[in-house]
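> Let me give you the structure first, and then I'll get to my questions.
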Ligand code: SF4
C-alpha cells in the first residue's frame, strides 16, 4: 500500500468509543498514529493528571499529545460563527478551532492527515453532513480529514485516493446507535471511555450559567469561564457573583481559581465550604454572601453563625443568620 516508512497521521482522541475505534482502524492499516487530546479550559491549567485518556492511549499503544486549552478558546466560545447548540455548546466552531490547532500539530510532526471518530448524524449539530463539510473546509483541511467510521458515506479523501488508507476497510456508520461501534470494540477488546460522554457546555446548568455570564459580564475572562464548572453559583446582584464549593475537591479547585480582588469566605468556627465573591460588593452583599455560605455549613440550622471573610488580605468575622432555602434559590444561577 505504501513504502517502508509508515505514513503518519494524527487522531483526534478523546478516549471515548468512537475515537478509540478511529485510532484502531488506522493502526490496523499499518499507519503511524499519534493521539491528540484537547482539554477544555475547565480542566486545563489546574495540574490535572488526565489519567483516563493516558490509559486508553497506552492500551492502544500509541503516543499521546495533550493540549490544554487556554485563553484563545474564549474568543471562539464568546462569538461562534455557527452559533450554539441546545445549551452553551458552540460545537461547529469548536470543531473548526480544534482542527486548525490539530493541523498545526500535524505539520509540525510531519504527519500527512487528520483522523476523527465522527459519525454522520450522531449528534444533532456538529455531525450532520453539511456541518462535516463546513468544518473540513473552514479548518483548511480539505481532503485531509478522514472520518474512518463513516468514510464510506463521504467522498474519498486524499489519504484514500493516494492509497495511504484502504477505503474498503473503513466503515459506513450513520446515526445515534452505538451498536456497530460496541461490537467492534468487543471484537478487538478495546478499552475506551463511556460512549457519548459530552462536555459541560452541552449541559443545562452550565449553559444557563454561561448565558448569565455572557449577558451580565461580557468582558469575562478565562478564569470566569473555568468557574462555570465548579461550585454553587449565586448572582448576588448584577455585577457580583458568589461561588460556593460543594465538596473538598471543589474547595481545592476554587482555591486555585480565586483571584486577589475576590472576597474570600470561610466558616470561622466549624468546617464548611470555601467560597468567594467576585465583583463590586458592599457590606450588604458581604452579609448576604456570608449567610449563604453558612447555609452550606454544619451550622445551617443554627440561629446564628460566624463567618470569616477576607478583603485584600485583611480578615474579619461577621455574625449572620444562615440563609434559608428560599433566599438561596432566589439568587442561585
Ligand atoms: S461538545 Fe463541547 S468540546 Fe465537543 S465540540 Fe461541542 S463544544 Fe466542543
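> Please rank 311, 77, fewest neighbouring Cβ atoms within 10 Å first, as an exposure proxy.
So the residues, fewest neighbours to most, are 311, 77.
> Let me ask another. Which log10 I(q)/I(0) values does the chain give at q = 0.11, 0.12, 0.14, 0.15 Å⁻¹ under the Debye formula, counting every alpha carbon as one identical point scatterer?
Result of the Debye calculation: -0.77, -0.86, -1.03, -1.13.
> In segment 8-197, how does Rg compare with the Kirkwood Rh, expressed as the Rg/Rh ratio over alpha carbon atoms?
0.93
> As a footprinting exposure proxy, order 249, 133, 145 by other Cβ within 10 Å, with the fewest listed first.
249, 133, 145
> Still on this structure, please answer the following. Angle, helix 51-60 long axis vs. longest principal axis of the chain, Cα atoms, 0 to 90°, nearest 10?
That helix lies at roughly 10 degrees to the long axis.
> Quick check: the angle from helix 204-216's long axis to the longest principal axis of the chain, C-alpha only, nearest 10 degrees?
Here the helix axis deviates by roughly 70 degrees.
> On to the next question. Could you tell me the relative contact order of the chain? Use alpha-carbon pairs under 8 Å, at least six residues apart, and round to a whole percent.
Computed value for the chain: 15 percent relative contact order.
> Give the angle, between 0 and 90 degrees and rounded to the nearest 10, that separates the Cα long axis of helix 91-108 from the longest principal axis of the Cα atoms of the chain.
The helix 91-108 is inclined about 60 degrees to the chain.
> Also: Rg/Rh for segment 230-331: what does it come to with C-alpha atoms and Rh from Kirkwood?
Here the Rg-to-Rh quotient is 0.92.
> Tell me the mean residue ellipticity at 222 nm calculated for the chain from its helices only (DSSP H runs of n ≥ 4, each -39500 (n - 2.57), averaged over every residue, nearest 500).
-10500 deg cm²/dmol
> If you don't mind, another one. Would you work out the Kirkwood radius for segment 159-276? I mean one over the mean of 1/r across all pairs of different Cα atoms, in Å.
When all Cα pairs of segment 159-276 are included, the Kirkwood radius is 18.4 Å.
> How big is the antiparallel share of DSSP beta bridges in the chain, given as a percent to the nearest 5?
Counting DSSP beta bridges with both partners in the chain, the antiparallel share is about 60 percent.
Coordinate-derived values only; no laboratory data. Since the structure is predicted, the reported quantities are computational estimates derived from the model, not experimental observations. With ideal geometry, Cβ positions are generated from the backbone for all residues, glycine too; neighbour counts draw on all protein chains shown.
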